[in-house]
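Reading through the structure tokens given below for one structure.
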Amino acid sequence: ALIPIIDMDKKDLKPASVFHYFEEICQVPRPSKREEKIIAYLKAFGEKHGLETKTDEAGNVLIKKPAIPGRENLKTVILQSHIDMVCEKNSDVEHDFLTDPIETVIDGEWLKAKGTTLGADNGIGVATELAILASDDIEHGPLECLFTVDEETGLTGAFALKEGFMSGDILINLDSEDEGELFIGCAGGIDTVINMGYKTEKTPAGSFAVKIQVKGGHSGDDINKGRANANKLLVRFLTQLAAKYPMYLCEIDGGNLHNAIPREARALCAVPMKDKESVRVDLNIYTAEIENEFAVTEPNLKTELSSEAPCKE
């Protein structure tokens, strides 16, 4: 996830209070199903500001803020965001999402994370609610700020909400993509599980192991922008290899989460020793093809081939 910005210094980002709290929650680990640290943070926040705060059995947090004088008769508005985040990182980055803070950097007009997901989905919504709760210069009626758990792996926090936990009349969900627009629907999602059997074989004598990698990286929000899926690009190349050489697939791996487009994929293959350099030439040609194909939507796309060692039978 990325956040568009205008100011080039994090200290000057606007709205200042929103980015202040976003930076704060970036210091708090919050993977899906492991939100105990951010829950504790929210409870401490409510206590610090003297606001009624409660949690339910699932871990959802509700913080209430009374209306300013003269606005008590307005309908109660519920602002809602989820506190968990997608936890993905580049393979060459050392990061433990259970203990390490998200390191934010400014890159041009964007606020990004250094080698990991940023957590702006839905951290920016959480930060917006915190900024409103902490403010003393916003005119508002009765407010209830709802922070739900485990949205990314099935909306389990939202599904666990029980009648009476909230009392508001209007709910505004802050987990959207475009500033200044309201969404009234969702396309939903579906999981597909495929089990395929296989049998192992010894690699033939005279084979050489090569590791092939595809690296890109983007979030699920970019799914409609024609960007690359590392798994698909890797399999496309492996299919081409298998049609030309007696290739043996030893290992294949790509992606980590069902709701994040694979940013990296790799495969370890065995090919005849005599074809080792031909495979390298084929990958160079293939790289040129996909760089041309995704020149606009995926300018940082990379492929790598490294020779491992002669295979043992």
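The values are calculated or read from the model by the stated rules, or taken from the named source; none is laboratory data. Note that the structure is a prediction, hence the values are computed from the model and not measured. In this analysis, Cβ positions are derived from the backbone assuming ideal geometry, glycine residues included, and neighbour counts consider all displayed protein chains. The accessibility values were calculated without ligands, DNA or RNA, using every heavy atom of the protein model including side chains. Shrake-Rupley method; radii C 1.70, N 1.55, O 1.52, S 1.80 Å.
Summary of values
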quantity: Lys162 being at pLDDT 85 or above, under 27 Å from Ile124 (Cα atoms), of a type outside the set (S, T, N, Q) and surrounded by 10 or more Cβ atoms within 10 Å (Cβ to Cβ); calculated: yes
quantity: Any hit, segment 5-16, residues being at pLDDT below 85 and either hydroxyl-bearing (Ser, Thr, Tyr) or buried (at least 18 other Cβ atoms within 10 Å of the Cβ) (or both); calculated: yes
quantity: Flag if Leu174 is within 23 Å of Phe22 (Cβ to Cβ) and open to solvent by 40 Å² or more (accessible area, probe 1.4 Å); calculated: yes
quantity: Residue among Glu251, Glu289 that is in a helix (DSSP H, G or I), charged (D, E, K, R) and at pLDDT 90 or above; calculated: Glu289
quantity: Some residue of segment 44-53 being on the phi > 0 side of the Ramachandran plot and free of Cβ contacts under 8 Å to residues at least 60 places away in the same chain; calculated: yes
quantity: Members of segment 89-112 that are touching a residue at least 24 places away in the same chain (Cβ under 8 Å), over 26 Å from Leu79 (Cα atoms) and part of a strand (DSSP E or B); calculated: Lys89, Ile106
quantity: Single match in His82, His49 (criterion: at pLDDT 95 or above and open to solvent by 60 Å² or more (accessible area, probe 1.4 Å)); calculated: His49
quantity: Some residue of segment 251-260 being in contact (Cβ under 8 Å) with a residue 12 or more places away in the chain, among the charged types (D, E, K, R) and touching an Asp or Glu at 6+ places or on another chain (Cβ under 7 Å); calculated: no
quantity: Criterion violated by Lys75 - all others in (1) touching a residue at least 40 places away in the same chain (Cβ under 8 Å); (2) under 25 Å from Asp121 (Cα atoms) satisfied; calculated: (2)
quantity: His140, sole failed condition from (1) within 30 Å of Asp92 (Cβ to Cβ); (2) at pLDDT 90 or above; (3) touching a Leu at 6+ places or on another chain (Cβ under 9 Å); (4) not small (Gly, Ala, Ser); calculated: (1)
